[in-house]
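All remarks here apply to the structure that follows.
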Amino acid sequence: MIQREEKIIVENRIKNDIPTFDRERLNQYTKSAIVNIYNSFSNGDLNNINVRVSKELLNKISNNMELYRISKDYDNIVVQYADIIDYERKEDAGYVKIYTTINFYDNYKNNETRNYFDDKNWNDTWIITYKALSNVDNNCKNCGSEMEYNKEKDVYECKFCRSSFHKDSKDWKIVDIEVEK
Ligand SMILES: [Zn+2]
């Protein structure tokens, strides 16, 4: 079970490493990303995935289609809720977990029996893990010195050589999806 901290504490911990982090933007991005991944699997067209997803996760979903309710018989999914629940800074990057609730519809008009009573919907919880692709350490890629965040220009500037670097909060890769039913 994931430790669920106060969202504002999690948000502040992320901002401490990634000052450009935009919680609402990542939540909205998550909603469209999940629909995109789900539909691409349902349609059997993984080339349609237009968000960054790890190969390991693609394999995991491919091997657990039932767990993720991936089937051509289902009509639609809606991501009803998405918000941060956890942040962990590891050696290589920062990892953000997003709690999502997914609603799956299976309309009788499209299912095999075409029986009204077979019209169904399900709710699952998916925990999305993102890896922040931006480097979370504050050292200059040019000379290795300490960097500082310039809020006005929205860049990091090296205190020594004054090189500037963008750290965009859109640089997120989905590396895991856990299903809680
Ligand atoms: Zn530098």
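The values are calculated or read from the model by the stated rules, or taken from the named source; none is laboratory data. Keep in mind that this is a model prediction, so the values were computed, not measured. No Cβ is skipped: glycine too gets one built from the backbone with ideal geometry, and neighbour counts run over all protein chains shown.
Quick notes on this structure:
- Hey, S54 of a type in the set (G, A, S) and touching a residue at least 60 places away in the same chain (Cβ under 8 Å) or not: yes
- Residue list for segment 37-52, filter: touching a helix residue (DSSP H, G or I) at 6+ places or on another chain (Cβ under 8 Å) and not polar (S, T, N, Q): I37, F41, L46, I49, V51
- Filtered residues of segment 70-80 (kept if assigned to a strand (DSSP E or B) and crowded, with 16+ Cβ neighbours inside 10 Å): I77, V79
- Scanning segment 124-148 for residues that are at pLDDT 80 or above, under 10 Å from F160 (Cβ atoms) and surrounded by fewer than 16 Cβ atoms within 10 Å (Cβ to Cβ) yields C143, G144, S145, E146.
- Residue within segment 45-59 that is small (G, A, S) and either surrounded by fewer than 14 Cβ atoms within 10 Å (Cβ to Cβ) or not in a loop (DSSP other than H, G, I, E, B) (or both) present: no
- Test: residue in segment 159-178 that is of a type outside the set (D, E), within 16 Å of the ligand (Cβ to nearest atom), at pLDDT below 80 and more than 23 Å from N12 (Cβ to Cβ): no
- Y99 vs. criteria in a strand (DSSP E or B) and at pLDDT 95 or above: yes
- Check on L67, touching a residue at least 12 places away in the same chain (Cβ under 8 Å), surrounded by 14 or more Cβ atoms within 10 Å (Cβ to Cβ) and either among the charged types (D, E, K, R) or farther than 16 Å from N103 by Cα (or both): no
- Total residues in segment 1-55, condition farther than 15 Å from I127 by Cβ, at pLDDT 90 or above and in contact with an Asp or Glu (Cβ under 7 Å, 6 or more places away or on another chain): 1
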